[in-house]
Amino acid sequence: MPSPQSVPFHTCDVFTDQRFGGNPLAVVLEASGLTEAQMQAVAREFNYSETTFVLPPSDPRHSARVRIFTPVRELAFAGHPTVGTAFVLATQLPQLSGAERIVLEEGVGPVSVEVEWSLRAVTRCAFCAPRLPEAGAKPPPPTADLAAMLGLAKTQVLDQAQWWTCGMSFLVVPLTSVDALQRCQLDLALWARVLAGFESRHVYPVAQADGEWRVRMFAPDAGVAEDPATGSAAAAFAGWLAAHRPMTGSRSTFTLRQGQEVGRPSRIDLQFDHDGAKIQSVRVAGASVMVSQGTLLV
């Protein structure tokens, strides 16, 4: 039997400054020797929402190529893996120490990440969405079906549900209150039936409270029963906000809270620039904290 490869990894919690909060992420460094099947097996072993694999960039002007895997499949783009991978690279690689900008080559294309520092430590990473938000072409299912799917009364679901994407599609479902959001229980049988035939089946219920937004994200088809923090959904949500909430000035800023219902509170800072009618750029930011490091035998 051949000897296994030794591959270094780090884990961190993303969109939080507290260990064991936020969304956990495994970052596998020096992954060039791994096959796609091995990457998928490693992601399944960690069983986090996503695991990333760092490879040399195809463009020397960029920092790294990154492949992102859920426990069941590869993704072209995801938010918390982008923030967390940039955090790990800036923290661990001497050539990136003090770097204010990192460019990651992901399946969706190059993703630019701003890195904020204090006393030689990374305090926050912010990515610019690789695509501007776009509304889905298909109308959402009826409000009554969405309410039943989430275990709610029809009166608790607002009539403004809509598909939005920034590289990954989410069904934004606005609710009347945080209490309704906390009561959401996804009925898997209804979820499969109601969203059959749609390109994506990621569900993103949201509710506004005290000047902030509380959000949740369900993606059983990706092996994620409920995600503690979803940066790509936050980027897509900017499109919904611009379409359904008045925009003033040239820049809008929002705080999103996620993960409370699964015991991993997270904070996502969302900012987008606009001309009063159209979004011109979207920025998603958050803190991360290192949790562990070690060696994989693959």
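The values are calculated or read from the model by the stated rules, or taken from the named source; none is laboratory data. Since we're looking at a predicted model, the values are computed, not measured. No Cβ is skipped: glycine too gets one built from the backbone with ideal geometry, and neighbour counts run over all protein chains shown. Side chains are part of the model used for accessible areas, which takes the heavy atoms of the whole protein and leaves out ligands, DNA and RNA. Shrake-Rupley method; radii C 1.70, N 1.55, O 1.52, S 1.80 Å.
Among the residues making up region 260-298, those that are among the small types (Gly, Ala, Ser) and under 14 Å from residue 19 (Cβ atoms) are 263, 266, 287, 288, 292. Can you tell me which residue is farthest from the chain's Cα centre (by Cα) among those in region 225-250 that are open to solvent by 10 Å² or more (accessible area, probe 1.4 Å) and among the aliphatic types (A, V, I, L, M)? Only one residue tops the list, namely 247. Any residue in region 51-66 that is in contact (Cβ under 8 Å) with a residue 60 or more places away in the chain and in a loop (DSSP other than H, G, I, E, B)? No, region 51-66 contains no residue that is in contact (Cβ under 8 Å) with a residue 60 or more places away in the chain and in a loop (DSSP other than H, G, I, E, B).
One residue stands out in region 88-113 among those that are without any contact (Cβ under 8 Å) to a residue 24 or more places away in the chain and farther than 15 Å from residue 56 by Cα: the one that is least open to solvent (accessible area, probe 1.4 Å), namely 112.
The one condition from (1) surrounded by 19 or more Cβ atoms within 10 Å (Cβ to Cβ); (2) in a strand (DSSP E or B); (3) hydroxyl-bearing (Ser, Thr, Tyr) that residue 85 does not meet is (2). As for region 34-43, it holds no residue that is surrounded by 17 or more Cβ atoms within 10 Å (Cβ to Cβ) and within 15 Å of the chain's Cα centre (by Cα). The set of residues in region 251-269 being open to solvent by 10 Å² or more (accessible area, probe 1.4 Å) and among the β-branched types (Val, Ile, Thr) consists of 253, 255, 262.
Yes or no, residue by residue, for (1) modelled with pLDDT under 95; (2) closer than 27 Å to residue 123 by Cβ; (3) of a type outside the set (Phe, Trp, Tyr):
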residue: 35; (1), (2), (3): no, no, yes
residue: 42; (1), (2), (3): no, no, yes
residue: 45; (1), (2), (3): no, no, yes
residue: 54; (1), (2), (3): no, yes, yes
residue: 71; (1), (2), (3): yes, no, yes
residue: 75; (1), (2), (3): yes, yes, yes
residue: 80; (1), (2), (3): no, yes, yes
residue: 84; (1), (2), (3): no, yes, yes
residue: 87; (1), (2), (3): no, yes, no
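Across region 160-180, the qualifying residues are those that are among the aliphatic types (A, V, I, L, M) and under 19 Å from the mean Cα position of the chain (by Cα), and the one among them that is nearest to residue 238 (Cα to Cα) is 172.
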